[in-house]
Amino acid sequence: MGQARELIGQAVTDAVRSGFAAWFDDMDYATHPAPLPAFRAGRERAGHDASRIPEVPPARVESTITEGKPGMFFTYKVEYGDEPLVQLSVSRTWARQVAGAGWAVVDGLPVVDVLEWDDSVTPRRPTRVQTALISADYDAQMHGWRAHADTRTCRVAWTDAGTASLVMPWDEPSHA
């Protein structure tokens with residue numbers, strides 16, 4: 001379970017770092033940084049400095065067992081100076097069936113739950129998972145550099161070589 005938390009923490013940290021870098025490049029903040037927000041809730045200036053990509057410390061992952069629906073809560077605001085914190089709520093079987101089987105991270109994203117399995121191969125592998133998509137950007141209104149997660153259900157596509165990739169809901173064929 002500890003190794004799975006480390007893998008998830010690294011995946012979230014990598015997603016935030018790459019999200020900040022992409023936003024920085026897309027918005028051309030190297031040449032034209034956003035002005036400081038009019039209202040700053042936090043204490044860390046780096047959180048409000050659009051002229052550079054902030055350092056992102058490794059994310060810490062906490063997990064609890066839920067009797068309800070599994071999920072992941074994640075929000076990170078650089079302005080507060082704390083490490084990113086991921087809070088997982090997982091089923092009783094998650095540690096054995098997901099983390100212990102090596103499915104805590106698929107295609108670079110954390111797996112909150114496996115919803116369907118392919119039992120035709122050994123060992124069995126996930127075909128539909130609940131994952132957390134990480135978004136990272138710069139909020140010029142108040143929070144500066146920030147990131148959060150949105151839990152989604154995704155199909156897992158497998159290559160003949162056994163490599164998994166997540167198919168985002170918006171990439172699925174329409175059945176309308």
Q: Working carefully through the options 127, 122, find the one that is on the phi < 0 side of the Ramachandran plot and modelled with pLDDT under 95.
A: 122
Q. Which condition number does residue 20 fail, the rest of (1) surrounded by 19 or more Cβ atoms within 10 Å (Cβ to Cβ); (2) assigned to a loop (DSSP other than H, G, I, E, B) being met?
A. (2)
Q: Among the residues of segment 36-49, write down those that are open to solvent by 30 Å² or more (accessible area, probe 1.4 Å), over 20 Å from residue 21 (Cβ atoms) and not aliphatic (A, V, I, L, M).
A: 39, 40, 43
Q: Can you give me the ranges of the strands (runs of 3 or more DSSP E) entirely in segment 51-149 with at least 2 residues that are open to solvent by 60 Å² or more (accessible area, probe 1.4 Å) and either among the aliphatic types (A, V, I, L, M) or in contact with a helix residue (DSSP H, G or I) (Cβ under 8 Å, 6 or more places away or on another chain) (or both)?
A: 60-65
Q | First in segment 54-70 and farther than 10 Å from residue 83 by Cα and in contact (Cβ under 8 Å) with a residue 60 or more places away in the chain, second anywhere and surrounded by 13 or more Cβ atoms within 10 Å (Cβ to Cβ) and of a type in the set (S, T, N, Q), Cβ under 9 Å, 6 or more apart | A | 63/87; 63/89; 70/89; 70/91; 70/130; 70/151
Q) Given the conditions (1) open to solvent by 30 Å² or more (accessible area, probe 1.4 Å); (2) at pLDDT 95 or above; (3) within 19 Å of the chain's Cα centre (by Cα); (4) not basic (Lys, Arg), which single one is not true for residue 171? A) (2)
Q. What single numbered condition from (1) within 20 Å of residue 132 (Cβ to Cβ); (2) at pLDDT below 95; (3) touching a Gly at 6+ places or on another chain (Cβ under 9 Å) fails to hold for residue 69?
A. (3)
(Q) Filter segment 119-145 down to the residues that are farther than 28 Å from residue 99 by Cβ, of a type in the set (D, E, K, R) and within 18 Å of the chain's Cα centre (by Cα) and list them by number. (A) 137
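For (1) exposed (fewer than 12 other Cβ atoms within 10 Å of the Cβ); (2) touching a residue at least 24 places away in the same chain (Cβ under 8 Å); (3) in a helix (DSSP H, G or I); (4) acidic (Asp, Glu), each residue gets a yes or a no:
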site	(1), (2), (3), (4)
16	no, yes, yes, no
25	yes, no, yes, yes
28	yes, no, no, yes
31	yes, no, no, no
34	no, yes, no, no
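The values are calculated or read from the model by the stated rules, or taken from the named source; none is laboratory data. Bear in mind that the values here come from a model prediction, so they are computed numbers and not experimental data. Every residue, glycine among them, receives a Cβ derived from its backbone with ideal geometry; neighbour counts consider all protein chains shown. When the accessible area is computed, the model is the full protein with side chains, heavy atoms only, and any ligands, DNA or RNA have been set aside. Shrake-Rupley method; radii C 1.70, N 1.55, O 1.52, S 1.80 Å.
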